[in-house]
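Just so it is clear, none of the values below were taken in a lab; they were calculated from the coordinates. As the structure is a computational prediction, the values presented were derived from the model and not from experiment. Because the Cβ atoms are built from the backbone with ideal geometry, glycine has one as well, and the counts that use them run over all protein chains shown.
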Amino acid sequence: MSRDSALVSADWAEKNLDTPGVVFVEVDEDTTAYDGGHIPGAIKLDWKKDLQDQVRRDFVNQEQFSALLSERGISNDDKIVLYGGNNNWFAAYAYWYFKLYGHGDVVLLDGGRKKWELDARTYTTDVPQRAKTSYTASAPDVSIRAFRDEVVDAIGTKNLVDVRSPDEFAGRLLAPAHLPQEQAQRGGHIPTAVNVPWSKSANEDGTFKSDDELAKIYGEAGLDDGKDTIAYCRIGERSSHTWFVLKELLGKENVKNYDGSWTEYGSLIGVPVVLGDEPGKA
Amino acid sequence: MTAPDISGCAAPDQSAPIPAGVDLEKETVITGIVNNAEGEAVGGAYVRLLDSSGEFTAEVVTSPQGVFRFFAAPGSWTLRALSRHGNGDLVVDAARGVNEVGLKLAA
């Protein structure tokens, strides 16, 4: 993958709003943003209601994903353009899903909602009606998804990238600073993880930094290209953003997103945890 | 021109009362209103919370009334607002409890 095949600009998007076979999809945790105004022609996906299983702690399975996209009128051969708020966190999470379930042509809109807003581009409240389709998701590609045991085994052997803020990494905060902090799990990070906050990879307007800047950031953080990499955050959405940077923009091999992330790891019994700013020892 | 309502974006409703479960004895809340050069509230602005080294910590979108809110920690922080109407910065020394500030956009 590369920037050209994984990312489109706001200018490209504006010129292709009516292009047949191109489907704009807004993805957010809170879809009131979509309801208040969205890119013309875009449909919405709700990160919690649509993409998470409503009973088990997991995301939707192959059948549920097929049913969801069929119901929303998305075909296997459509080009999907994902965007959202929060600097595209949840759009990147959805991108990872589309890849996991084998969708052929999917891209992120660089800068997401923020760039669109700061450019003062047009919104609409019209909700498009799309005819139902018969979408078939592939079996999940677990080569891009890490599970907890694999993460514990990765301590000291693989690149672990903690993409939360420095205060969350050190255990001083348990959640991003726009959310209340009370939570049951322990603070800290997985031993040997390097801290490269997701925000390092984004410009102020939400667009991604250049490939040269990105390569420098992860190189200086000590990411070893000879090793496999697992990215994690708190609930797996910010680490999807970094997974996208490493795998899709920089084209690194064997990069996984650990979607269980700190809310799972920090609640496990008996696993090692490191407090403070240093990665710590295996 | 009225900005569209783009509140939300994964952050809790910025103008809602602080949830009852939040303990203000423990939390450090930084809250306020973004105003333009004419003093009018600006909804749909992006407010970024940067730590004392200038590192990004969090970002929210202001409510239609221009309100933003962060749950931070005591210390020095920088607020930076971005909007289609202009940008603005403010340094805040926050203490435990509620810290109310005003953030003005340069024309």
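What's the long-distance tail for the stretch B:28-104, i.e. % of Cα pairs beyond 20 Å? Could you put the intermediate results ahead of the total?
On the way: 626 of 2926 pairs.
Looking at the stretch B:28-104, the distances longer than 20 Å represent 21 percent of pairs.
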Quickly work out the A:ARG186-to-A:SER210 label distance, labels modelled 7 Å from Cα along the C-beta direction, and quote it in nm with one decimal. 4.3 nm
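If contacts are Cα pairs under 8 angstrom and at least 6 residues apart, what is the relative contact order of the stretch B:28-104 in percent?
Values: 199 pairs, mean separation 30.5, N = 77.
Value for the stretch B:28-104: 40 percent.
How many Cβ atoms of partner chains, on average, are near each residue of A:258-268 if near means within 10 Å of its Cβ?
Counting Cβ atoms of other protein chains within 10 Å of each residue's Cβ and averaging gives 0.
Using only the Cα atoms of chain A, build the gyration tensor, take square roots of its eigenvalues as a ≥ b ≥ c, and label the shape rounded, prolate or oblate: rounded if a/c is under 1.5, else prolate if a/b is larger than b/c, else oblate.
On the way: a/c = 1.70, a/b = 1.55, b/c = 1.09.
Prolate, because a/c is 1.5 or more and a/b exceeds b/c.
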Which whole-Hz ³J(HN,Hα) couplings does the stretch A:195-201 yield from phi under the Karplus relation 6.51 cos²θ - 1.76 cosθ + 1.60, θ = phi - 60°, glycine and proline marked x? 9, 10, x, 3, 5, 4, 8
Would you please give the residues with an amide H less than 5 Å from that of B:VAL101, counting only those at least 5 places away or on a separate chain, with H modeled from the backbone geometry? B:THR31, B:GLY32, B:ILE33
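How do the peptides A:135-148, B:30-43 rank, highest first, by the average count of neighbouring beta carbon atoms within 10 Å per residue? Before the final figure, lay out the partial values.
Working: A:135-148: 15.8, B:30-43: 17.6.
Ranking the peptides A:135-148, B:30-43 by packing returns B:30-43, A:135-148.
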Any chance you could give the angle, 0 to 90 degrees and rounded to 10, that helix A:211-220 forms with the longest Cα principal axis of chain A? 20 degrees
A:LEU108's amide H: which non-local residues (gap 5+, or another chain) put their own amide H closer than 5 Å, with H modeled 1.01 Å from N in plane and none for Pro or chain starts? A:LEU7, A:VAL8, A:LEU82
³J(HN,Hα), Karplus 6.51/-1.76/1.60, whole Hz, each residue of the stretch A:75-87, x for Gly, Pro: 9, 4, 9, 6, 8, 9, 10, 9, 8, x, x, 6, 6
May I ask which residue of A:VAL107, B:GLY32, A:VAL161 lies farthest towards the positive end of the charge dipole of the protein assembly as shown, with charges of +1 (Lys, Arg) and -1 (Asp, Glu) on Cβ and the Cα centre as origin? A:VAL161
Output field shielding_mean for A:30-41 (other chain Cβ, 10 Å radius) holds 4
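If you place +1 on the Cβ of every Lys and Arg, -1 on the Cβ of every Asp and Glu, and leave all else neutral, what size is the dipole of the stretch B:28-104 about its Cα centre, to the nearest 20 Debye? Don't skip to the end; give the middle numbers.
Working: 6 positive and 8 negative charges, 23 e Å.
Dipole about the Cα centre, nearest 20: 120 debye.
Place the peptides A:109-118, A:67-76 in order of packing, highest mean first, counting for every residue the other Cβ atoms within 10 Å and averaging per peptide. Can you show the working numbers first?
Working: A:109-118: 25.0, A:67-76: 17.3.
Final packing ranking: A:109-118, A:67-76.
Provide a whole-number value for the mean count of partner chain Cβ atoms within 10 Å of the Cβ atoms in peptide B:69-77.
On the way: counts 1, 4, 9, 5, 5, 0, 0, 0, 1.
Across B:69-77, the average partner-chain Cβ count within 10 Å equals 3.
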Among A:THR31, A:THR192, A:THR124, whose mean-square fluctuation peaks in a Gaussian network model of chain A (Cα, cutoff 10 Å)? A:THR124
Positive-end extreme of charge dipole, the protein assembly as shown - chosen from B:PHE70, A:TYR232, A:GLY41 (charges on Cβ): A:TYR232
Rounding to the nearest 20 debye, state how big the charge dipole of the protein assembly as shown is about its Cα centre with +1 on each Lys and Arg Cβ and -1 on each Asp and Glu Cβ. 280 debye
³J(HN,Hα) computed for each position of the stretch A:57-64 - Karplus, 6.51 cos²θ - 1.76 cosθ + 1.60, integer Hz, glycine/proline x: 8, 5, 8, 4, 8, 4, 5, 5
Amide H to amide H under 5 Å from A:GLN52: which residues, 5+ apart in sequence or cross-chain, H placed 1.01 Å off N in plane? A:VAL60
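Which entries of A:LYS15/A:LYS209; A:LYS132/A:LYS200; A:LYS48/A:LYS79; A:LYS79/A:LYS216; A:LYS79/A:LYS256; A:LYS44/A:LYS247 show an alpha-carbon separation above 28 angstrom in the structure shown? Before the final figure, lay out each step's value.
Values: A:LYS15/A:LYS209 23 Å; A:LYS132/A:LYS200 40 Å; A:LYS48/A:LYS79 23 Å; A:LYS79/A:LYS216 31 Å; A:LYS79/A:LYS256 24 Å; A:LYS44/A:LYS247 25 Å.
Pairs exceeding the cut-off: A:LYS132/A:LYS200; A:LYS79/A:LYS216.
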